[in-house]
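Inspection log for the structure reproduced underneath, given as structure tokens.
The values are calculated or read from the model by the stated rules, or taken from the named source; none is laboratory data. Just so it is clear, the structure is predicted and the values come from calculations on it, not from any experiment. In this analysis, Cβ positions are derived from the backbone assuming ideal geometry, glycine residues included, and neighbour counts consider all displayed protein chains. Please note that ligands, DNA and RNA were not included when accessible areas were found on the heavy atoms of the full protein model with its side chains. Shrake-Rupley method; radii C 1.70, N 1.55, O 1.52, S 1.80 Å.
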Amino acid sequence: MNPLTLAFAILGLTGFALGAVFSATGKLEMGVILMGLGLTFQVISLVRLRRARQQGKQ
């Protein structure tokens, strides 16, 4: 796996988790922003994985 793809996946999980913690502790706006960024990083990593898989099949 590409290190950049792995970094995006880790950033996505960390961002979503931090967003959940911030939302639960009362900083709702910051939590929602971090959760959104976390989901965005997860989507980027999944797209990169799908592209790598399709390039490997060719």
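Surface composition of the chain: carbon plus sulfur atoms hold 70% of the accessible area, using a 1.4 angstrom probe and ignoring ligands, DNA and RNA. Report summary: the helix-based calculation at 222 nm, which adds -39500 (n - 2.57) for every DSSP H run with n ≥ 4 and divides by the residues of the chain, gives -32500 deg cm²/dmol.
Computed from the C-beta positions of ALA20 and ARG50 and an R0 of 35 Å, the FRET efficiency is 0.85 to the nearest 0.05.
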